[in-house]
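Worksheet for the structure shown next.
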Amino acid sequence: MSYQTTKDTPFPAKQTFPAPKNTYLNAASTVKSWLLTGDHKRIAILYLISVSFFFALGGLAASIIRLELTSPKGHFLEHETYNKMFSAHGIFMVFLFLIPSIPAVLGNFLVPLMIGAKDLAFPRLNLISWYLYTTAGGLILLGMMRGGVDTGWTFYTPYSSMYSNTNVSLMIVGIFIAGFSSIATGINFIVTIHTMRAPGMTWFRLPLFIWAQYATSVIIVLGTPVVAITLMLVVVERALGIGIFSPELGGDPVLFQHLFWFYSHPAVYIMILPSMGVTSEIISCFSRKRIFGYSFIAFSTLAIAVLGFLVWGHHMFVTSQSMYSSMVFSIISFLVAVPSAIKVFNWTATIYKGSVELSAPMMYALGFIGLFTIGGLTGLYLASIATDVHLTDTYFVVAHFHYVMVGGALSGFLGGIHFWWPKITGKLYDEGWAKLAAGLTFIGFNLTFFPQFMVGFLGMPRRYHFYPEEFQAYHVLSSAGASVLALGLIIPGIYLTASLIAGKQAPDNPWMAVGLEWMTTSPPPTLNFDATPIVTWEAYDYTPNDPEEARHAVINPALLEIHTGVDPLGDGMAGGLE
Amino acid sequence: MSVDAISTTHGLVGHDDHAHHDPNQAHQFEDMAQQNESYIVGMWSFLVTEIMFFGVLFIAYSLNRLLHPGSFIDAHRHLNVWFGGINTVILLTSSLTMALAVRAAQLQSKVAQLVFLTITILCAFGFLGIKTVEYTHKYHEHLIPGANFHYVSVGAEGGPSAEAAVNPEKSNIPQGQAQIFFLLYFFMTGLHGIHVVIGIIAMTTLFIMIKFDHPFTRYYMWVEMAGLYWHFVDIVWIFLFPLFYLIPGK
């Protein structure tokens, strides 16, 4: 194993690093070696390409929606086309981007690396998962090309089961298959984290990213089958004309909503928990401090996963749901704020008195904390029954969940991609452009969605493409913000791609981070480590940049010496890891 | 695996050190103990997803039975409790022989594995055979949900009530509610039947591999996992049988 012992900036201007000889990227180069690979890192790359593709499609649909909403009369699209457009946006973004984004890309790449394993427990299952995903994506694309659906991504019955004349069945089969792809990933992570941790990697030495992936996988495994079979019942109902969810035939449409949200509310945590894991890694690294309250963050992750399954009824306060159920769901929804706040306070406490470095990943992580806090706090308005009755199906809801899903999940994804890009590709991207993009994303995002809180509070309903003229100012602001946001998302696509061609070779540990994944080459060899690592230190074993402070703050002298070249105890002893 | 076990069994082992590896060990695992544990944890996680999968249908069943108790009692009289009961006995027997097959695999006894797998597979076919007879009866009685569905109420003593036989519209329960009962019946037993078919395929594959001494089968875990799966299929039926065939009537 080789360690970089750079003392100064993470990107040493003059220093050049040799590219490692044997990496997972140059192990083989045929198309077959990629399409039939069992290597978790290659599958992560395959996933990265496919989720980016569907993210771009979902973004395109969003752009058309925002363009349409600049005018109160709805000039550009027919009613039905507009309905199909927001349905397409939701289906692409939720099922094909947000849910697989961090687990299937960063999780796939990092879970074995972070716990010191050679691969995931079931490499072939992992590959099957990607093929299921692409099949699902293909079916959904086919459905879109045949005219799309007008039901929204929620497929509420009885409209979806009895009345809609669009490609509901085809879409649902696609989503059903996408569900199995995430179940495969979930099972793989659960097993790998349980059984394949390196010697010494105890549960409480795991990076918080791993805790997040674990909690996410539990939600995936428990929730996804529920929505899969529920949507299949909708298909059967369409095919046979029987009314499990149709009131005129004796069925119960609210049952669909219960079953749908039993998965789809926890699915929000499938999107946000991995981002929280990414944020914990980045915040700790760029504050050069041990994370504050490690075990509180770890257990709050599990608490969110558990509570997340008990709050689905807050989507249904205005249905026929019993008032007493609504009260219970409301109280439990408030409870979710507790573990969420624990995380936010702990991140803040980590930054406090840290040697903060405002790198691009750190900017995304800080953006995450702010946006997630706004998204979370506005959730309280929707969790209390009285205000929710007023706000149900307004733009307030739209703004709330975009703050959580875009401001939260997407910021986490981009932050993670920037943080681990040197490890994944072995290349350094342009830090200046990256900071600009992070800033543009943050500004554009707030400009897009903050006005939507206001216009929603004033009564603008979601899913309409025409509206009273007094709302136009808000919508124009929002659309202008969307353009800035789009710019902030296109720029990374350009400089990250450029870094593949012209980027400088990255050192093994460009951020001087302490996770196991940084102790192998960039990019890593096929089996990740030259030898099975033995872990003798806890996660986030950071020491401040200032050597004078480090002298007092040192936790593990051996590690500090390896990472900074400082011999904190002055005894001239080398660390025990070499 | 406990931390103690890790520290004693692992050291700094290079990846090219394959000299003492069990040939059944996949490259990503450190040793066989880790591999065995991974397979078992993986299989149980998979079974959890299966439970959630069927769980939705049990919820849908419970809700509809609460909403339409009379219709469910009436409709369930179309099911023959003897067919269901015999199938329950058959599946329970197959679970016993499957457990014995797993035991035989752990002891690496080829003959015993082949015998017990054969009995299990035959039981599975017997189950599907009886199910086919039942489905055929339902087809002739126009009880398959869809365009041709035509429900005739049955009296408690069997046979259509005199009134309903003449005019099905007078049947004392709505067609829609009867249809929901039979949709749930066919969806749930059908999904269970698909699982039985998958079980037959898995067990037959194992049977052939054991018969021809495929090196894979020196590893008992494949039979063990097929066993876990088969017991799950059995347990689902243990719930389906009383819910559809044994609804207490007045």
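The values are calculated or read from the model by the stated rules, or taken from the named source; none is laboratory data. Because the structure is predicted, anything quoted here is derived from the model rather than measured. Quick reminder, even Gly has a Cβ in these numbers, built from the backbone with ideal geometry, and neighbours come from all protein chains shown.
Condition check ((1) more than 13 Å from every other protein chain (Cβ to nearest Cβ); (2) out of contact with any strand residue (DSSP E or B) (no Cβ under 9 Å at 6 or more places or on another chain); (3) not hydroxyl-bearing (S, T, Y)) across all residues:
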position	(1), (2), (3)
A:P112	no, yes, yes
A:T134	yes, yes, no
A:G174	yes, yes, yes
A:R197	no, yes, yes
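Please go through region B:56-65 and pick out each residue that is of a type outside the set (V, I, T) and within 7 Å of another protein chain (Cβ to nearest Cβ).
Listed by number, the residues that qualify are B:L57, B:A60, B:L63.
Can you tell me which of A:G243, A:G250 is touching a helix residue (DSSP H, G or I) at 6+ places or on another chain (Cβ under 8 Å), touching a residue at least 60 places away in the same chain (Cβ under 8 Å), more than 30 Å from A:S411 (Cβ to Cβ) and within 12 Å of chain B (Cβ to nearest Cβ)?
Checking each option against the conditions leaves just A:G243.
Being in contact with a Ser or Thr (Cβ under 7 Å, 6 or more places away or on another chain), of a type in the set (S, T, Y) and facing chain A (nearest Cβ under 8 Å) is the requirement here; does B:S94 meet it?
No: the conditions fail for B:S94.
Quick check on A:T166: is it polar (S, T, N, Q), in contact (Cβ under 8 Å) with a residue 60 or more places away in the chain and buried (at least 21 other Cβ atoms within 10 Å of the Cβ)?
no
Which number in (1) in contact with a helix residue (DSSP H, G or I) (Cβ under 6 Å, 6 or more places away or on another chain); (2) buried (at least 22 other Cβ atoms within 10 Å of the Cβ) marks the one condition that A:F256 misses?
Of (1) in contact with a helix residue (DSSP H, G or I) (Cβ under 6 Å, 6 or more places away or on another chain); (2) buried (at least 22 other Cβ atoms within 10 Å of the Cβ), only one is false for A:F256: (1).
Kindly indicate whether A:F466 is surrounded by fewer than 18 Cβ atoms within 10 Å (Cβ to Cβ) and under 22 Å from the mean Cα position of the chain (by Cα).
Answer is no for this residue.
Take region A:284-335 and flag every residue that is surrounded by fewer than 17 Cβ atoms within 10 Å (Cβ to Cβ), closer than 19 Å to A:T378 by Cβ and under 26 Å from the mean Cα position of the chain (by Cα).
Once the filter is applied, which keeps residues that are surrounded by fewer than 17 Cβ atoms within 10 Å (Cβ to Cβ), closer than 19 Å to A:T378 by Cβ and under 26 Å from the mean Cα position of the chain (by Cα), region A:284-335 yields A:F334, A:L335.
Could you go through region B:190-198 and let me know if any residue there is in contact (Cβ under 8 Å) with a residue 40 or more places away in the chain, more than 14 Å from every other protein chain (Cβ to nearest Cβ) and surrounded by 19 or more Cβ atoms within 10 Å (Cβ to Cβ).
Yes, because at least one residue in region B:190-198 is in contact (Cβ under 8 Å) with a residue 40 or more places away in the chain, more than 14 Å from every other protein chain (Cβ to nearest Cβ) and surrounded by 19 or more Cβ atoms within 10 Å (Cβ to Cβ).
For region B:66-81, how many residues are within 13 Å of chain A (Cβ to nearest Cβ) and assigned to a helix (DSSP H, G or I)?
Qualifying residue count, region B:66-81: 7.
Listed here are the residues, each with its yes/no results for (1) within 27 Å of A:S355 (Cβ to Cβ); (2) assigned to a loop (DSSP other than H, G, I, E, B); (3) not acidic (D, E).
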residue	(1), (2), (3)
A:R463	no, yes, yes
A:Q472	no, no, yes
A:A480	no, no, yes
A:S499	yes, no, yes
A:P510	yes, yes, yes
A:P523	no, yes, yes
A:F529	no, yes, yes
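Could you list, in sequence order, the residues of region A:384-403 that are surrounded by fewer than 24 Cβ atoms within 10 Å (Cβ to Cβ) and under 23 Å from the mean Cα position of the chain (by Cα)?
A:V397, A:V398, A:F401, A:H402, listed by residue number.
If A:A386 satisfies all but one of (1) closer than 30 Å to A:G251 by Cα; (2) modelled with pLDDT of 95 or more; (3) not in a loop (DSSP other than H, G, I, E, B), what's the number of the condition it fails?
Failing condition for A:A386: (2).
Which of the helices (runs of 4 or more DSSP H) contained wholly in region A:27-120 include at least 2 residues that are free of Cβ contacts under 8 Å to residues at least 12 places away in the same chain and within 29 Å of A:V168 (Cβ to Cβ)?
A:40-68
Given the condition more than 10 Å from chain B (Cβ to nearest Cβ) and either small (G, A, S) or part of a helix (DSSP H, G or I) (or both), answer yes or no: does some residue in region A:216-223 qualify?
Scanning region A:216-223 turns up at least one residue that is more than 10 Å from chain B (Cβ to nearest Cβ) and either small (G, A, S) or part of a helix (DSSP H, G or I) (or both).
Any chance region B:96-105 includes a residue that's exposed (fewer than 14 other Cβ atoms within 10 Å of the Cβ), out of contact with any Asp or Glu (no Cβ under 9 Å at 6 or more places or on another chain) and over 30 Å from B:I173 (Cβ atoms)?
Within region B:96-105 (the criterion being exposed (fewer than 14 other Cβ atoms within 10 Å of the Cβ), out of contact with any Asp or Glu (no Cβ under 9 Å at 6 or more places or on another chain) and over 30 Å from B:I173 (Cβ atoms)), the answer is no, since none of the residues qualifies.
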